[in-house]
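The structure under discussion appears below in the form of structure tokens.
The values are calculated or read from the model by the stated rules, or taken from the named source; none is laboratory data. Predicted, not measured: the structure shown is a model, and the values here were computed from it. Glycine gets a Cβ as well: all are built from the backbone with ideal geometry, and neighbour counts include every protein chain shown.
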Amino acid sequence: MKAVICGANGAMGKLICGILGEEVVGKVSIDGENGVPKTFDELGAVKADVVVDFSHHTAISGVLDYAKKIGAAAVIGTTGHTEEEKALIYAAAREIPVFFSGNMSLGIAVLCRLAKEAAKYFPDADIEIVEAHHNRKVDAPSGTALMLFNAVKEVRPNAWANCGRSGECKRTKDEIGISALRMGTVVGVHEVILHTGTQQLTLKHEAVTRAMLADGAVDAARFMLGKPVGLYNMESILEK
């Protein structure tokens, strides 16, 4: 596999570059440190199978344009995309293979599946999603929390996300609360709590190191080799 890494000087970018080694044929990072090009124009066109993005959600247009230019698949590992930016991703998936996930962990993919199953078996349960991350994380709620919400919404189509309750806000029947904690060096903790009034079920995933996400991104990149045009995610890997 030949890969271009966008955000190569970031924490995740460095981990992915370390795993892939000589399979990395191009790097881009906005800081331009370590001799890494700041832009795709500086990098120039290279032969690559996949462009892996762990930069910032605002860079998505350039990432997708570059992947289309060199005929590569795109693996999008950034989170916090606006609706307009998501629209760009969905549009690009009609031209190239695109892997887009709010979390690159296989464990989170399993958690999403379990949360959906639990919501199906307990249709009247109150559901809360709680996520915790380090104090430098920019977006809230996390992309992973939204993945969990969307998984539950598949079996509860009327569900709506109440992100960070405040003031007078008596719980409504269809709401799913999402709470975001930001503290210290927490890598990532996600819980889905279902309460029926007589029993409580808690599903939890805890990331021990960022290496988990780097491994998942590499797995996603390898998964995309030879894939036809379309939109893929971690659920696609579970179903392979």
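Couple of notes before you dig in:
- Subset of segment 102-127 [assigned to a loop (DSSP other than H, G, I, E, B) and aliphatic (A, V, I, L, M)]: M104, A125
- Filter result for G80 (of a type outside the set (S, T, Y) and touching a helix residue (DSSP H, G or I) at 6+ places or on another chain (Cβ under 8 Å)): yes
- When every residue of segment 147-165 is checked against the conditions, at least one turns out to be closer than 21 Å to H56 by Cα, surrounded by 20 or more Cβ atoms within 10 Å (Cβ to Cβ), within 20 Å of the chain's Cα centre (by Cα) and among the hydrophobic types (A, V, I, L, M, F, W, C).
- Any chance A48 is surrounded by 18 or more Cβ atoms within 10 Å (Cβ to Cβ) and under 20 Å from P228 (Cβ atoms): yes
- Leading residue by the ranking (nearest to G71 (Cα to Cα)) among those in segment 82-95 that are among the hydrophobic types (A, V, I, L, M, F, W, C) and surrounded by fewer than 22 Cβ atoms within 10 Å (Cβ to Cβ): A93
- Conditions (1) among the polar types (S, T, N, Q); (2) closer than 23 Å to I89 by Cα; (3) surrounded by fewer than 18 Cβ atoms within 10 Å (Cβ to Cβ); number of the one not met by N34: (2)
- Hits in segment 183-240 - residues which are among the hydrophobic types (A, V, I, L, M, F, W, C), crowded, with 17+ Cβ neighbours inside 10 Å and touching a Pro at 6+ places or on another chain (Cβ under 9 Å): M224
- Matching residues in segment 27-56 - criterion: being on the phi > 0 side of the Ramachandran plot and within 25 Å of the chain's Cα centre (by Cα): G32
- Among (1) in contact with an Asp or Glu (Cβ under 7 Å, 6 or more places away or on another chain); (2) basic (K, R); (3) assigned by TED's automatic domain parsing to the domain that holds H57, the one test that K116 misses: (3)
- Note on segment 128-240: enclosed helices (runs of 4 or more DSSP H) holding 1 or more residues that are without any contact (Cβ under 8 Å) to a residue 40 or more places away in the chain are 143-153.
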